[in-house]
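Undergrad: If you scroll down you'll find the structure; I have some questions about it.
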Amino acid sequence: MNTIEQFNKHVMPTYGRYDLVLEKGENRTATDENGKQYIDFGSGIGTNSLGFCNENWVNAVCGQVKAIQHTSNYYYTKVQADFAEKLCNVTGYSKVFFGNSGAEANECAIKLARKYSFDKYGKGRHNIITLVNSFHGRTLCTLSATGQDVFHNYFFPFVEGFIYVNANDVDDLKAKLDDTVCAVMFEYIQGEGGVVPLSQDFVDEIFDLCAKKDILTIADEVQTGVGRTGKFLAGDNFGHKADISTLAKGIAGGIPMGACLADEKCADVLGKGTHGSTFGGNPIACAGGNAVLDFISDEKNQKEVAEKGKYLREKLLEISEITSVDGMGLMLGAALKTKSAADVVKAALDKGLLLLTAKEKVRFLPPLTITYEEIDKGISILKDILEK
Ligand SMILES: *Cc1c(COP(=O)(O)O)cnc(C)c1O
């Protein structure tokens with residue numbers, strides 16, 4: 001039995017997987033079971049932010065494995081304290097809660113927002129506005145928060161208390177922002193929704209209206225955060241800092257980790273016994289996270305992400321099959337004239353390039369450490385496919 005048959009016999013069929021078995025990787029190059037190599041334009045799904053097995057990251061993680069791999073959260077570890085301090089310093093937030101995924105980070109944010117409002121105003125102010133076409137995770141609560149009907153199926157009943165507003169529609173936002181609302185939750189750039197950025201005006205309105213009514217802002221930066229858009233937080237590109245920001249995906253360089261960051265206004269809302277996670281803030285994940293932060297907290301490296309993103313965008317726009325490129329930094333989505341993104345991703349695999357899709361677009365989330373030469377190499381493969 002080959003690996004794929006063995007796998008499919010025993011793993012639930014929740015993903016439409018490609019016929020590719022990856023065995024190892026080094027920086028921006030992955031190698032499959034047969035020794036074939038691939039340039040990485042996807043970094044997992046934006047998780048391997050420093051590429052495959054980056055040397056500093058490997059040393060940090062392996063050192064931690066040998067020191068202490070886990071303790072219960074009833075004890076303290078220095079590595080978690082260091083990671084929390086670094087995260088708060090680079091983002092300007094007061095405190096963090098650690099989970100293990102984006103969905104968990106968002107669950108924490110939702111619980112925090114509801115309790116903030118309950119503590120201050122009592123019952124009835126529990127609704128959270130999210131945006132149409134958003135994506136917030138796969139748990140029942142974060143699926144309920146996700147503003148896409150295709151996800152609201154099979155698993156009834158969903159969690160109550162989410163109101164969906166059309167992205168970039170200020171009138172819709174104003175109409176729905178009533179006395180029952182405790183928070184507005186949004187992605188600055190909708191990732192799974194097709195790499196769709198919010199407009200500056202709409203973001204300005206969210207912050208303006210929420211500030212007036214003591215409604216919390218929750219930025220889901222699970223995909224956009226940790227340097228992906230050329231700033232540490234995508235919010236920095238819009239000139240705003242949400243009361244709460246959530247991070248995951250690239251935060252620990254490929255080890256499961258989620259973070260919910262809160263500013264001073266709501267940093268102590270979740271008190272003893274109100275929330276928890278057995279593995280949250282795991283020392284190995286924190287060690288990996290420290291290596292990621294040491295790299296991307298450096299503004300020089302953030303600027304390079306922005307410049308490489310600009311370069312990648314320009315190169316993409318030179319391809320006639322590509323009609324437009326959306327996104328920021330190294331989070332880009334290319335719309336195609338005639339070809340299907342899924343077909344293009346499959347063809348790219350054959351030619352040794354790992355790509356992603358996002359709805360009808362080809363999505364690019366390369367490692368933040370990618371070089372110009374590697375961008376050129378990947379672009380030339382893509383060009384061959386698109387101009388055929
Ligand atoms: C991927 C993603 C999530 C879910 O993260 P998981 O780690 O899969 O739970 C939530 N929000 C956004 C914006 C994402 O891109």
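Undergrad: Hey, any hits in region 188-205 for a residue that's closer than 20 Å to Leu87 by Cβ and touching a Pro at 6+ places or on another chain (Cβ under 9 Å)? So that I can check it myself, show each step before the final result.
TA: First, pick out the residues of region 188-205 that are closer than 20 Å to Leu87 by Cβ: 188.
Going one step further and asking which of them are touching a Pro at 6+ places or on another chain (Cβ under 9 Å), we end up with 188.
Taking every residue of region 188-205 in turn, at least one turns out to be closer than 20 Å to Leu87 by Cβ and touching a Pro at 6+ places or on another chain (Cβ under 9 Å).
Undergrad: Among the residues of region 1-45, what is the count of those that are over 18 Å from Lys377 (Cβ atoms) and of a type in the set (Phe, Trp, Tyr)?
TA: Of all residues in region 1-45, those over 18 Å from Lys377 (Cβ atoms) come to 1-24, 33-35, 44-45.
Going one step further and asking which of them are of a type in the set (Phe, Trp, Tyr), we end up with 7, 15, 18.
The qualifying residues number 3.
Undergrad: Sort through Asn89, Asn48 and tell me the only one that's polar (S, T, N, Q) and outside the structural domain of Lys265 (by TED's automatic domain parsing).
TA: Values: Asn89 fails: outside the structural domain of Lys265 (by TED's automatic domain parsing).
Answer to the check: Asn48.
Undergrad: Can you pull out every residue in region 204-237 that is in contact with a Cys (Cβ under 8 Å, 6 or more places away or on another chain) and without any contact (Cβ under 8 Å) to a residue 24 or more places away in the chain?
TA: To start, the set of residues in region 204-237 that are in contact with a Cys (Cβ under 8 Å, 6 or more places away or on another chain) comprises 215-217.
Selection gives nothing.
Undergrad: Please verify whether region 260-273 includes one or more residues that are of a type in the set (Val, Ile, Thr), within 13 Å of the ligand (Cβ to nearest atom), at pLDDT 95 or above and more than 26 Å from Glu307 (Cα to Cα).
TA: no
Undergrad: Counting just the residues of region 110-136 that are without any contact (Cβ under 8 Å) to a residue 40 or more places away in the chain and either on the phi > 0 side of the Ramachandran plot or of a type in the set (Val, Ile, Thr) (or both), which one comes out nearest to the ligand (Cβ to nearest atom)?
TA: Val132
Undergrad: Any chance region 161-184 includes a residue that's assigned to a helix (DSSP H, G or I) and of a type in the set (Val, Ile, Thr)?
TA: So in region 161-184, the residues assigned to a helix (DSSP H, G or I) come out as 170-176.
Adding the requirement that they be of a type in the set (Val, Ile, Thr) leaves 170.
The answer is yes, given that some residue of region 161-184 is assigned to a helix (DSSP H, G or I) and of a type in the set (Val, Ile, Thr).
Undergrad: Continuing with this model, one more query. Go through region 111-146 residue by residue and tally those that are farther than 21 Å from Ala175 by Cα and either outside the structural domain of Ser277 (by TED's automatic domain parsing) or under 17 Å from the mean Cα position of the chain (by Cα) (or both).
TA: Summing the residues that are farther than 21 Å from Ala175 by Cα and either outside the structural domain of Ser277 (by TED's automatic domain parsing) or under 17 Å from the mean Cα position of the chain (by Cα) (or both) in region 111-146 gives 7.
Undergrad: OK, next. Do the conditions hold for Ile110, that is, is it closer than 29 Å to Lys361 by Cα and outside any loop (DSSP other than H, G, I, E, B)? Explain how you work it out, then say what you get.
TA: Values: closer than 29 Å to Lys361 by Cα: no; outside any loop (DSSP other than H, G, I, E, B): yes.
No: the conditions fail for Ile110.
Undergrad: From the set of residues in region 37-65 that are over 21 Å from Gly225 (Cβ atoms) and outside any helix (DSSP H, G or I), which is farthest from the ligand (Cβ to nearest atom)? Steps first, answer last, please.
TA: First, pick out the residues of region 37-65 that are over 21 Å from Gly225 (Cβ atoms): 37-39, 53, 55, 58-59, 62-65.
If we keep only those that are outside any helix (DSSP H, G or I) too, we end up with 37-39, 53.
Details: Gln37: 27, Tyr38: 22, Ile39: 23, Cys53: 21 Å.
That would be Gln37.
Undergrad: May I pose another question? For region 43-59, state whether one or more residues are out of contact with any helix residue (DSSP H, G or I) (no Cβ under 7 Å at 6 or more places or on another chain), of a type outside the set (Ser, Thr, Tyr) and exposed (fewer than 14 other Cβ atoms within 10 Å of the Cβ).
TA: Among the residues of region 43-59, at least one is out of contact with any helix residue (DSSP H, G or I) (no Cβ under 7 Å at 6 or more places or on another chain), of a type outside the set (Ser, Thr, Tyr) and exposed (fewer than 14 other Cβ atoms within 10 Å of the Cβ), which makes the answer yes.
The values are calculated or read from the model by the stated rules, or taken from the named source; none is laboratory data. Worth saying up front: this structure is predicted, and the values here are computed from it rather than measured. Methodologically, a virtual Cβ is constructed for each residue, glycine included, from the backbone with ideal geometry; neighbour enumeration extends over all protein chains shown.
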